[in-house]
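None of the figures in this text is laboratory data; all of them are computed from the coordinates on show. For clarity, every value in this text was computed on a predicted model and none was experimentally measured. Every residue, glycine as well, gets a Cβ built from its backbone with ideal geometry; the counts of neighbours run over all protein chains shown.
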Amino acid sequence: TMSRVLFLDETVPESDLILFFCFVSIITDKLRGTVADIFAHGGKHEHVMQMMKERDISIIESNILMKSYGKIGNPVGADQYLRELLQNPDAEPDIVSFNMAINAYADSSLVDAFDKACDLMRLLESDPRCLSLGLRPNAVTFACLVKCAATSKYQSAGEQAEAILNKRERRYLAGKIDLKPDVVVYTSAILTCFNAGDVNRANTLLARMHA
């Protein structure tokens, strides 16, 4: 199903980018044409960008492309494509677009992946185009950021995860009912603290979760 395609846990090798696109190309014939061209050009980012510009690609297809970039370990490609969408007056990226790009960093091995993900979060919350489209971080956005903190290998990963959790909780208390911290995000933050050796912080979050 499409939901399983979009949230595969396995990393897709760069050489299999064409296979991933073929798997999801049942959405439209337009994407099938894009697949053929991407394969012909070796999946190079500059060719992908040019071809997506030349076609009338839907936001769903664009989001799948960003997910694919994450699967081949190229979060920068997803980031660049998202920024291209924001600059295109005919495109309307949605919150899923940002979640895909942020999650691509979470799935990567880049040393500065967490910093880059935070840059996207700041862009989401301050860019005039994002504001005009009514884009706001949702529960998935915060979950992706916590995941990114967990994989950052920073010594301060636990502190970062707690800060993200606190920000989400403040939004909830301010009236964003859908941002109420749940067991999933708490567990992710707690595990991040434990893995970073921040046991005291982990225990504090555990107590908060059960309060």
| remark: Label model pair VAL111, ASP127: point-to-point distance (7 angstrom along the Cα→beta-carbon line) in nm is 2.7
| task | Along each of the three principal axes of the Cα atoms of the stretch 65-179, give the extent in whole Å, ordering the values from largest to smallest. | result | 39, 36, 18
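Can you tally the net charge around LYS153? Count Lys and Arg as +1, Asp and Glu as -1, for every other residue whose Cβ sits under 15 Å from the Cβ of LYS153.
Details: positive: LYS116, LYS147; negative: ASP107, ASP112, ASP115, GLU159, ASP198.
Residues close to LYS153 contribute a combined charge of -3.
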